[in-house]
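In what follows, a single structure is set out as structure tokens and then discussed.
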Amino acid sequence: MLWYCGYQAFPQVSAADLARRFLRRHDAGSNQPKDLRGWYAFPSGVSGFVLAEAATPAELSKILEPYSRLVSWTIEAATELNYNQVLEELRRSTHRLAVDDLAAGASPAEMAERAQRR
């Protein structure tokens, strides 16, 4: 499963503190780069987000925990979507709703009003 992990350093933590922790973890061989799909930092150097691959929240915790005394995390499960598949599914569902409206006897004006609210 893919996880979005936004981070923000605590006020007393500098970009240099984060860099030192990262390097120590890397040199110790305890970072898990194979599980990171992307790491993005904002210009401040003290916030950004990581896209991590982990099967369970427990596995994700092993990846993020070493940095938890330096940053706060905002974590969300993420689902990768194929644009063309989403487009077709939306077209089909919109068509089904219109057919359902017709079958229910909705007038064209009612159908147009419902379409605007959706």
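Rule-based calculations on the coordinates, nothing more; no lab input. Please read these numbers as outputs of a predicted model, since none were measured by experiment. Please note: Cβ atoms are built from the backbone with ideal geometry, for glycine as well, and neighbour counts cover all protein chains shown.
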request  = Run the numbers on the chain and let me know its relative contact order in percent, using alpha-carbon pairs under 8 Å that are six or more apart.
outcome  = 36 percent
request  = Report Rg(Cα)/(2.2 N^0.38 Å) for the range 2-78, keeping two decimals.
outcome  = 1.02
key: Sorted by Cβ neighbour density within 10 Å, fewest at the top, the residues V13, V71   = V13, V71
